[in-house]
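Report on the following structure.
Every number here is computed from the coordinates shown, using simple stated rules; none is lab data. On a predicted model such as this, the values are computed, not experimentally measured, just so you know. For neighbour counting, all protein chains shown are included, and Cβ atoms are generated from backbone atoms with ideal geometry for every residue, glycine included.
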Amino acid sequence: MISLPGLNLAAPPTETLSVPTSSITREQDLPANTEYRFEVSFSRTLTVRLRSGTAEYFGTELAPSTTYSFQGTKGAIYTWHGCKLELGGQVESDYVAEETPMMSHANLHFALEMLRDRSVVSNSVEMGPRVLVVGAENAGKTALVKTLTSYAVKSGRQPMVINLDPRQGLLSVPGSLSAAAFSSIVDIEEGWGSSPISGPSPVPVKMPLVYHYGLKDPEEGKLFKPLVTRMALAVTSRLEEDKASKQAGFVIDSSGTISAGKAGVYENIEHIVSEFSVNVLITIGSERLYSDLSRKFSNRSSDETVNVIRIDKSGGCVDRSEEYMKALRHSQIREYFFGHGEDALAPSSMTADFGDLNIFRVIENDESGFAAGDAEDYNPASTGVSIYERITPSSTLTNKLLAITTASPNDKHEVIRDSSVRGYIYVADVDEAKRKVRLLSPQPGHFPGSAMVLGSWPEDVAGLVS
Ligand SMILES: Nc1ncnc2c1ncn2[C@@H]1O[C@H](COP(=O)(O)OP(=O)(O)OP(=O)(O)O)[C@@H](O)[C@H]1O
């Protein structure tokens, strides 16, 4: 059995400890074109084994005779031709749904495949599809991005996936923006698979490119937009070097907040579209968003056509409480440091003097008097606006994550902001009297002297180490 990584957050209720999950297995028949939807809490486990037929989890096929286990998951197992599942453990709720949007997801995939074929025929002169998925929170954006990625990989492509939603990480911790090329299957249990930092994994690892954002929602102006520009530059130059990736194109997952569109203004969406040269804009679930965006992008010249597409929200999408999201983020962070269940990593603990740490705290808009509406006035080349404030460690740092950048502490703030992240460290304890900080790092080794960035997001992760 493959275990689900890093989810030992809350102590499991005693009954799940004493009852082996295998003793309560049951069979579930799924007719063709239906899906088994389930919700499992963080303290319980659902195990799933494919007995016969074929089935997929957000596009990734379930291997026969493999037992998958899910904890703290809301998801669905879909079958095109019918299957028999063996289920074990306990769920909060589950049911079989006959109405699913999988047919339109598959059609979307085939339309993208045509664009990829066109890129191949043009010998990569034309780039494959550049896709952005937008929609309200919990509309099913991440689920669709995963499905499209899995189908592309199954079709022998190597698409890139870009996560611009700081609320959840992709192969990195929440609060980061990341990009990775997918040439092997998407991990079923873990979400997206593992990066090399998470230790041994049954699914080949992916090496993500990470930038630190450090705020909960995409704001306008000094951080989000420049990081989108930076990421677009990095992704585009990567695609220029790699034919297979260029032909496959990329899919961008976004945060629900950029689709809120105050008074029909979608600044961040427009910025992402223009920086990444997006040519397929998928809106999920909202008539208004679709109509606003198709109007906005309809009168462009033909060489920068943006096809705006509308997809229905799946009835399976569930609203996730703040409490659940917090537990999900903590599990991602836990896994970053401690690895996957049985293949657990032992993060290294180290102590640093206050003087060894070069910590830069993100100054948020409301603190600097730099309001959201000032975005246009902001000139990144000017030194007039500070992005960060340099801080001395204090006990308020306890339980926080620091992004270790590749920039030097003497670099300009813009350079620190635009530099990629080597990794994250966790502040376990601060001794103000002795001026020492105890840190946890997933990798042993020398303590870097580079600039470290502290944001206000993700929230404190209490109890990561005792
Ligand atoms: N067909 C489905 N059946 C069951 N659960 C589903 C289905 N589609 C999505 N979900 C679940 O619903 C939740 C919300 O979906 P998802 O994360 O894809 O939305 P999102 O639009 O990316 O949300 P956010 O903007 O908050 O990141 C997730 O827990 C996801 O696993």
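Could you tell me which of the pairs Lys326/Lys436; Lys400/Lys436; Lys225/Lys326; Lys326/Lys400 are separated by over 21 angstrom between their Cα atoms in the structure shown?
Beyond 21 Å: Lys326/Lys436; Lys225/Lys326.
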Fewest first, what order do Val120, Val131 take by the number of other Cβ atoms within 10 Å?
Val120, Val131
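So which of Lys154/Lys296; Lys246/Lys412; Lys146/Lys246; Lys154/Lys246; Lys141/Lys262 end up more than 28 Å apart by C-alpha?
From Lys154/Lys296; Lys246/Lys412; Lys146/Lys246; Lys154/Lys246; Lys141/Lys262, over 28 Å: Lys154/Lys296; Lys246/Lys412.
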Where Lys and Arg each count +1 and Asp and Glu each count -1, what net charge lies around Tyr95 among other residues with Cβ under 13 Å from its Cβ?
-4
Looking at segment 17-112, which trypsin sites (Lys or Arg not before Pro) are in a loop (DSSP not H, G, I, E or B) and have at most 12 other Cβ atoms within 10 Å?
none
